[in-house]
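S.K.: Sharing a structure, written as structure tokens. Questions coming.
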Amino acid sequence: MHKLIILLILLSYSCTNDKSPNNIQVANSKTDRRSDLSNQLTYLLNCNEYVENKKMQYIYNRVIKGIRPDMPNDSLKKVLQKIYYCDQIYRDSLMTGKTWISDEIKRNKYLKELTPLDKMNRRIVLYLLNNIGGLPDTRDMGDKASEAIWLVIRHSDEREFAAKILPYLNKAYYSDSVIDNIFYASSFDKAQVSLGEKSKYGAYPLYREYYPDSVIPKINLERIRIGLDTL
């Protein structure tokens with residue numbers, strides 16, 4: 001049904017291209033008909049991307065509308081819950097327990113749907129942190145609000161985002177004391193790996209066997225410094 005609605009929208013409205021598929025003249029030869037079909041499909045795909053971008057921009061604008069330096073905690077909590085929802089809306093359907101769903105078609109569909117949502121969430125997080133001066137204290141806001149930014153960081157492989165988030169993480173842990181050592185270590189390591197660096201705390205990937213024995217003493221030393229158990 002979702003695809004049908006999108007298709008109807010695409011057929012009813014034009015995007016940036018003034019040509020409509022309905023205005024393409026029917027070709028007499030098979031070659032021309034194939035060419036016309038290709039043009040129509042290209043047009044629809046371009047429109048689909050346009051509609052998707054517009055949809056993400058609409059959601060983005062709605063979420064950031066109330067973000068300001070002096071925003072009350074209740075409003076901040078709602079923003080964080082929306083970030084959490086956008087992160088989890090398809091991921092909840094991707095997993096059965098701790099394993100991927102077996103239906104490959106559905107799995108690929110959900111993964112494709114996640115890409116624009118994750119990109120939008122990264123924009124929202126950076127906008128939020130820039131406007132309120134850093135990571136918020138979410139200890140009294142419930143699990144969803146508390147996990148929202150952590151999830152966005154963990155689910156991002158974007159280098160630019162990682163580079164921008166690291167200073168906020170250091171400030172939040174060492175200066176503002178608004179995140180705990182687990183949040184800090186796991187987020188810091190994910191950002192480091194996204195930048196092509198090595199994991200400092202052994203918190204990403206979170207598998208002891210991933211790390212060679214030669215680096216374990218150094219990792220454990222760093223973990224001890226921030227109060228984490230050794231690997």
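S.K.: Would you call Tyr127 buried (at least 22 other Cβ atoms within 10 Å of the Cβ) and not hydrophobic (A, V, I, L, M, F, W, C)?
M.R.: In short, no.
S.K.: Quick check on my filter: what residues within segment 61-77 are in contact (Cβ under 8 Å) with a residue 12 or more places away in the chain and loosely packed, with under 15 Cβ neighbours inside 10 Å?
M.R.: Listed by number, the residues that qualify are Gly66, Arg68, Pro69, Asn73.
S.K.: Still on this structure, I have one more. Hey, among Gly202, Gly196, Gly227, which residue is outside any helix (DSSP H, G or I), under 21 Å from the mean Cα position of the chain (by Cα) and at positive phi?
M.R.: Gly196
S.K.: Of (1) closer than 17 Å to Lys82 by Cβ; (2) over 19 Å from the mean Cα position of the chain (by Cα); (3) aliphatic (A, V, I, L, M), Ile179 satisfies all except one. Which?
M.R.: Every condition holds for Ile179 apart from (1).
S.K.: Further question: Which of the residues spanning segment 130-175 are surrounded by 18 or more Cβ atoms within 10 Å (Cβ to Cβ), of a type in the set (Phe, Trp, Tyr) and over 12 Å from the mean Cα position of the chain (by Cα)?
M.R.: Passing the criteria: Tyr168, Tyr173.
Taken together, the values in this text are just the output of simple stated rules run on the coordinates, not laboratory data. The shown structure was predicted, so the numbers you read here are calculated from the model rather than taken from an experiment. Virtual Cβ from ideal backbone geometry, glycine too; neighbours counted across all protein chains shown.
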